[in-house]
Amino acid sequence: MRIPIPPVPHPLIDIEIADTHRRGAPLAILVSTPEDHEDGTPAEPFELEGVTSSGRAGEVRTIPAGSGPRWLAGIGDGEPKQYRKAGAALAREAESYLADRGGHAFQIELPEEADGDDVAELMMGALLGGYRYSVSADRSKPALRTLRVLTRYERAVPAYQEIAARVRELAGAAALARDLANTPSNVKNPAWLAEIARKTAVPGLTVTIRDEKWLAEQGFGGVLAVGGGSASPPRLIELEYRPRGAAKHLLLVGKGITFDTGGISIKSADGMHLMRTDMAGGGAVIAAARAIAALKLPVRVTALVPAAENHVSGSSYRPGDVVRHFNGVTTEVGNTDAEGRMVLADALAYGIKRFKPDAVIDVATLTGAMKVSLGLRTGGLFATDDALADRVREAGERAGEAWWRMPLLEAHAETIRGELADIRQAVPGPGGITAALFLREFVGDTPWVHLDIAGPARADKTYDDVVPGASGFAARTLVELASAYR
């Protein structure tokens, strides 16, 4: 029996730009944190109709019913990222308010000092802050359908409408990545993920699905080993966007493990249910490729998602096995729960040999070590090329996603050298670093960045524009990275 999963891609609210209020739609006023007086005495909080606001970013205060505004929303010091917090908090507040009282729209009045960056962040927060994913018999639509952004300057309306169109694609990428990672794994097997990539493609984006027979013919030993224990065979998902005149070619590779039991090196029961999101890197890559094509960016992009389910059965791969990858390199398996690097190795070697990109970026929920190192809101960045590393980090800053560059320590490079095979898959030492060093064996001289999103790919509580569940982390960074290539 089919379960009632939410639609993919997730529908986003509409955004209207106007210079006049809509009658009957509740209104929010944005308030910054007041600056202290010159003599050092604290400033008085903002007050309207008896309600005070500290102006702290994301704080929403409700004004009693009347003819005026409904909410005061804080934007802190007025930095763009604070506008994002305000937009997200208001979207959640408006959804609750409209569900109780009826109506489908609310409006936000921009302060005079707001510029295009502020407006973009406000919209991003509003589009993603109210995201929800629930598998339920209740198929009612969200109450909030439209946000009306009010500017005092009529001449600003066309520019803000253009900003809204771009922000919508970026937010759509994050939401789609969340959808894919949140989908339960009794629905989401490799074939389902591949078919959704095909169904959600936009004009200009070509999707090719490679099955297990093709994988065997081509020598994708890592993907076949990992997927061999499951009744759902693996797939390689290829997405190509080839605009005319593109000067650069980016290869994006995303880990697509649709569920991870750990295989024979089985995980503990605690937290295993979260392994439905172990393909968050692949989801980010699919969503980014779609947005890049929708925005018609002038850079060629090829995206690869090796998709497999790491399960336990009589045909599972074992510790001690030797696997031959696409490029002929052999790997001695030490732990079947280190499966992500096995599938990425094949895809990296194949993608670089076939497509000859100018740069390659892989994205994966790869190691628990990165959660320990960087926590749950920052992604780890490893790179063989300083310029590419800087490009990715700067793209993350524009996207509102934090990355911290980690070292590829040569002192640990020898630990992955094998005795029974060319290299070893799971070795002692700093896990995030040794995993990156393993992947480096498959990229040659091509400029390469590895993004480990094991921490920020999932959230257990609400913050900024993120809600509990899959966060969609990395999708917007990849789009912003592609946008920087001209």
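The values are calculated or read from the model by the stated rules, or taken from the named source; none is laboratory data. Computed from a prediction, not measured in an experiment: that's the story for all the values here. Note that each Cβ is placed from the backbone with ideal geometry, even for glycine, and that neighbours are counted across all protein chains shown.
Between LYS296, LYS353, LYS371, the distinction of being more than 23 Å from GLY472 (Cβ to Cβ) and among the basic types (Lys, Arg) belongs to LYS353 only.
I need the full set of residues from region 210-230 which are within 29 Å of HIS10 (Cα to Cα) and either assigned to a helix (DSSP H, G or I) or not assigned by TED's automatic domain parsing to the domain that holds THR277 (or both), in order please.
The answer is GLY227, and nothing else.
Quick check on LEU127: is it crowded, with 24+ Cβ neighbours inside 10 Å, closer than 21 Å to ALA89 by Cα and not small (Gly, Ala, Ser)? Yes; evaluated as a whole, the condition is true for this residue. Here ALA137, ALA156 are screened, and the one residue that is part of a helix (DSSP H, G or I), of a type outside the set (Phe, Trp, Tyr) and over 22 Å from ALA287 (Cα atoms) is ALA156. Could you go through region 373-385 and let me know if any residue there is out of contact with any Leu (no Cβ under 9 Å at 6 or more places or on another chain) and of a type in the set (Ser, Thr, Tyr). Yes; the residues of region 373-385 include at least one that is out of contact with any Leu (no Cβ under 9 Å at 6 or more places or on another chain) and of a type in the set (Ser, Thr, Tyr). Pairing residues of region 297-325 that are on the phi > 0 side of the Ramachandran plot with residues that are surrounded by 15 or more Cβ atoms within 10 Å (Cβ to Cβ), at Cβ distances under 9 Å and at least 6 apart in sequence or on separate chains, gives GLY320/GLU332; GLY320/VAL333; GLY320/GLY334.
Taking (1) closer than 30 Å to ALA197 by Cα; (2) modelled with pLDDT under 90 in turn, ASP36 satisfies each apart from (1).
For region 9-28, a residue qualifies if it is touching a Gly at 6+ places or on another chain (Cβ under 9 Å) and within 18 Å of ALA114 (Cα to Cα), and exactly one does: LEU27.
Identify, please: which residue in region 330-348 is among the acidic types (Asp, Glu) and in a loop (DSSP other than H, G, I, E, B) and is, among those, farthest from the chain's Cα centre (by Cα)? Don't jump to the end; show me each part of the working.
First, pick out the residues of region 330-348 that are among the acidic types (Asp, Glu): 332, 337, 339, 346.
Still in the list and also in a loop (DSSP other than H, G, I, E, B): 337, 339.
Working: ASP337: 23, GLU339: 21 Å.
Among residues in region 330-348 that are among the acidic types (Asp, Glu) and in a loop (DSSP other than H, G, I, E, B), the one farthest from the chain's Cα centre (by Cα) is ASP337.
If you check ILE15, ILE3 for being closer than 30 Å to ASN182 by Cα, in contact (Cβ under 8 Å) with a residue 60 or more places away in the chain and not in a loop (DSSP other than H, G, I, E, B), only one passes: ILE15.
When PRO233 is tested against (1) out of contact with any strand residue (DSSP E or B) (no Cβ under 7 Å at 6 or more places or on another chain); (2) of a type outside the set (A, V, I, L, M); (3) in the same structural domain as GLU113 (by TED's automatic domain parsing), just one condition goes unmet, and that condition is (3). Here ALA25 meets the list (1) touching a strand residue (DSSP E or B) at 6+ places or on another chain (Cβ under 9 Å); (2) outside any strand (DSSP E or B); (3) closer than 22 Å to GLY400 by Cα; (4) hydrophobic (A, V, I, L, M, F, W, C) almost entirely, failing just condition (3). I'd like to know if region 360-372 contains one or more residues that are surrounded by fewer than 24 Cβ atoms within 10 Å (Cβ to Cβ), closer than 22 Å to GLY400 by Cα and assigned by TED's automatic domain parsing to the domain that holds ASP464. Yes, the conditions are met somewhere in region 360-372.
When region 279-310 is limited to residues that are surrounded by fewer than 24 Cβ atoms within 10 Å (Cβ to Cβ) and among the β-branched types (Val, Ile, Thr), the one that is nearest to GLY222 (Cα to Cα) turns out to be THR302. Regarding region 247-262, can at least one residue be identified that is under 21 Å from the mean Cα position of the chain (by Cα), aromatic (Phe, Trp, Tyr) and surrounded by 24 or more Cβ atoms within 10 Å (Cβ to Cβ)? Checked region 247-262: no residue is under 21 Å from the mean Cα position of the chain (by Cα), aromatic (Phe, Trp, Tyr) and surrounded by 24 or more Cβ atoms within 10 Å (Cβ to Cβ).
Taking region 450-482 as the range and being under 11 Å from the mean Cα position of the chain (by Cα) and among the charged types (D, E, K, R) as the test, the residues that pass are ARG458, ARG476.
ALA94 fulfils the conditions (1) touching a residue at least 60 places away in the same chain (Cβ under 8 Å); (2) under 17 Å from ALA120 (Cα atoms); (3) not aromatic (Phe, Trp, Tyr) except for a single criterion, (2). Considering region 462-478, the residues that are aliphatic (A, V, I, L, M) and in a helix (DSSP H, G or I) include one that is farthest from LYS85 (Cα to Cα), namely LEU478.
Here are some residues: VAL167, VAL207. Which one is assigned to a helix (DSSP H, G or I) and not hydroxyl-bearing (Ser, Thr, Tyr)? Write out each step before concluding.
Numbers: VAL207 fails: assigned to a helix (DSSP H, G or I).
After applying the criteria, what remains is VAL167.
Scanning region 416-454 for residues that are touching a Lys or Arg at 6+ places or on another chain (Cβ under 7 Å), surrounded by 24 or more Cβ atoms within 10 Å (Cβ to Cβ) and assigned to a loop (DSSP other than H, G, I, E, B) yields GLN425, ALA454. Against the list (1) touching a Leu at 6+ places or on another chain (Cβ under 8 Å); (2) over 24 Å from PRO158 (Cβ atoms), the condition GLU109 fails is (2).
Remark: VAL149 falls outside the filter, which requires a residue to be β-branched (Val, Ile, Thr) and either within 30 Å of GLY228 (Cβ to Cβ) or assigned to a loop (DSSP other than H, G, I, E, B) (or both). Among the residues making up region 379-405, those that are of a type outside the set (Ser, Thr, Tyr) and under 14 Å from ARG440 (Cα atoms) are LEU381, PHE382, ALA383, ASP385.
When ALA73, ALA43, ALA57 are checked against the criterion of being exposed (fewer than 13 other Cβ atoms within 10 Å of the Cβ), outside any helix (DSSP H, G or I) and among the hydrophobic types (A, V, I, L, M, F, W, C), a single residue qualifies: ALA43.
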